[in-house]
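Input: a single structure, listed below in structure tokens.
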Amino acid sequence: MDDNNSTSYPGYVKFTIILFCIVLLGFLVSFARTLIIPVGFALLFAILLRPVVGFFNKKLRFPHVIAVLVTVTLFSLLVLALVFFVFWQVGGVVDDWNKLRQNFLLHYEHMQHWVRDNFNISYTAQAEYLEKVKDDSLKGNQGFIGKSLISFTGVMASVVLVPIYIFLILLYRNLFVRFVCMQLGEKGQECFGNILAQIKLVIQSYIVGLLIEMSLVISLTTFGLMIVGVEYALLLGTITGILNLVPYIGLLIAGIITFMTALLTSTDATVVIGSILVNVIVQIIDNNFLIPRIVGHKVRINAFVSMTAVVAGGIIGGIAGMFLSIPLTAILKVIFDNIDHFKSWGYAMGDDLPQTYNWGRFRLPSYDAGSTSATSELKPPDVTVTKTDDKGNV
């Protein structure tokens, strides 16, 4: 079959087929998420750690197996150190449990007074209502503990499997590359080299950008909470930075945790209001300065696609799926950009922001679609072709 026949299908037929394949892929990922999510995390971290393995191989002359083992071990120790630090800080909160309980009872008493004065509901009626809500909640969630234990077991299994997957991906990287090259012709190998080089660049830049952003968010939040007098500022700042890795809702959840902690640790209204202001200010700085300058240019995906990917990732894999959604979507865009039949999809996923124009003293974005040539945007970026030698090295 020649090229003319292979491209003779109408555009709507191609669109329907591609959309059907994407939906089918989503269902398959949802069905096998227990396997795919750990492998997805391992793949991202393996791409990030590849230069470290290369350093041990080339600079320190380590054998490949030893280089991979040392890299994965150091990475695991770093993660364990972060987890230990968080639990160590949480231990301080547990030690102050009596103080937290007293503050909670004080706020509860104030709330009761406010409800009685404004809604004319007696203390007895409020207590009966809360007791009824508690009983209904316990009856409706009898299987919650069992489900939570199963979920916790799955999380722990993934935590154990991810370092193993990272080790195996780094160890057999050349084998996987050679396998794909064996399935492709000469032109296909050239295209695959372009895709591989771009994916490595995008993922490494994106994760490094996220780590830098996380460090800055931790510093800003901790410093701000210390200024307003919130206790456990370092713990709350660390939690905020970690949750910020989850797109869109991470800072919202962190803000709720910070507000509740400030409410339980202090009876001063200015401290509670200050904690809210710190979270809002950090979110404004993060959304308008840190993300566009540190992370935004690493992954050029428009807001609609990224939001849809995050929601789909949350439906399929929960918090882990939301974290994986952006980098995996970026990988998909790189693949689309380098395959002729899918370039229009890659263009639609991109963030083709228009040029700005000056209106008096203000600089505003220009929304004139004709000012940007769509044809030029469909061209794949100039990336040096990466070929494989007879040993499969990229």
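Odds and ends about this structure:
- Residues of region 245-257 classified as modelled with pLDDT of 85 or more, farther than 18 Å from residue 92 by Cα and touching a Leu at 6+ places or on another chain (Cβ under 9 Å), total: 2
- Listed by first and then second residue, the pairs linking a residue in region 187-210 that is closer than 16 Å to residue 176 by Cβ to a residue that is of a type in the set (Lys, Arg), with Cβ atoms under 8 Å apart and 6 or more places separating them unless they lie on different chains, are 189/387; 193/387; 200/50.
- Output for region 38-53, where each listed residue is touching a Ser or Thr at 6+ places or on another chain (Cβ under 7 Å) and at pLDDT 90 or above: 49, 52, 53
- Note on region 81-135: residues that are assigned to a helix (DSSP H, G or I), among the acidic types (Asp, Glu) and closer than 28 Å to residue 238 by Cβ amount to 1.
- Residues (surrounded by 14 or more Cβ atoms within 10 Å (Cβ to Cβ), hydrophobic (A, V, I, L, M, F, W, C) and more than 25 Å from the chain's Cα centre (by Cα)) located in region 52-65: 56, 62
- Looking across 179, 152, one residue alone is over 19 Å from the mean Cα position of the chain (by Cα), at pLDDT 80 or above and in a helix (DSSP H, G or I). It is 179.
- Leading residue by the ranking (nearest to the chain's Cα centre (by Cα)) among those in region 72-94 that are under 18 Å from residue 160 (Cβ atoms) and among the β-branched types (Val, Ile, Thr): 79
- Qualifying residue in region 351-365 (condition: more than 27 Å from residue 35 (Cα to Cα), at pLDDT below 80 and in a helix (DSSP H, G or I)): no
Here is a yes/no grid of residues against (1) loosely packed, with under 13 Cβ neighbours inside 10 Å; (2) among the hydroxyl-bearing types (Ser, Thr, Tyr); (3) closer than 24 Å to residue 202 by Cα; (4) in contact with a helix residue (DSSP H, G or I) (Cβ under 7 Å, 6 or more places away or on another chain):
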| position | (1), (2), (3), (4) |
| --- | --- |
| 17 | yes, no, no, no |
| 21 | yes, no, no, no |
| 24 | yes, no, no, no |
| 28 | yes, no, no, no |
| 34 | yes, yes, no, yes |
| 40 | no, no, yes, yes |
| 45 | no, no, yes, yes |
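The values are calculated or read from the model by the stated rules, or taken from the named source; none is laboratory data. Everything quoted here is computed from the prediction, not taken from an experiment. In this analysis, Cβ positions are derived from the backbone assuming ideal geometry, glycine residues included, and neighbour counts consider all displayed protein chains.
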